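Quick notes on the structure that follows.
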Amino acid sequence: MSQKEIVAFIKIGEKKHLEEFYHKGLIYMNPINFFKNIEDGKLRGDLHEGRHIVSQGDFIKLKINNDWLEFSKQKNQYFNCQFYQEYAKTKGNIFSMYTLFMPKEGELVSVDERNLEFGDYCLVITYTEEFINRVKASFEANSIKFKCGFVDYYNYKIFSGKAGVFHKSNIYDYQNEFRLFYENESDNPFSIRIVSISDILKIFKSQALLDIRIWRK
């Protein structure tokens, strides 16, 4: 899945939702429009979720009443402007988890405190490959195709190029997101039951994540 060594997947959220995940293996996936439309201070919400192309703008013109105002990098070094495009409206459902990676040599890894805003409890999955295998088996048993992978974070101030469901602005890079994506034509939530996963995960209060320190000499 990744050249980086994974320590664990972590799902942070409300206790009642995580208990359904733990005891019943219920994975709840929100539609892309949920993330585009929710206003929560750029925690889950991302207006540009699923955009296909990101382009940097060199200048813009605005008309206010009868006056034209021009803003450009040439005139202002702090000017920054992006354009986002979609070939067609991207539809589908997303399930997200935080990824705790093994640090590189001489590096210290900890969980960014901002992630605790997702909820008071967390599920920690240390058998990550086994978890993905069980997810795949459940989707295949229901004849559903899905994709999974790590989100690639781009520097929104300089990046121009192709993007997509597995690309996000580096505003969100503290979330270290691994996501499941089920592409379909519905704008409704979707849920699927993963059989027997309580043996490969543990539930904790999310505050405990701040005590995690992983150091590689």
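No value in this document is a laboratory result; all are computed from the given coordinates. Quantities reported herein were computed from a predicted structural model and do not represent experimental measurements. Heads up, the Cβs are rebuilt from the backbone with ideal geometry, glycines too, and the neighbour counts pull from every protein chain shown.
With respect to the chain, whose longest principal axis is taken over its alpha-carbon atoms, helix 128-141 is tilted by about 90°. Relative to the longest principal axis of the Cα atoms of the chain, the long axis of helix 15-24 lies at roughly 50 degrees. For a test of the definition: using alpha carbon positions, the gyration tensor, and the 1.5 limit on a/c, classify the chain as rounded, prolate or oblate. Prolate, since a/c reaches 1.5 and a/b exceeds b/c.
For Asp187, Asp211, what ranking results if the residue with the fewest other Cβ atoms within 10 Å of its Cβ goes first?
Asp211, Asp187
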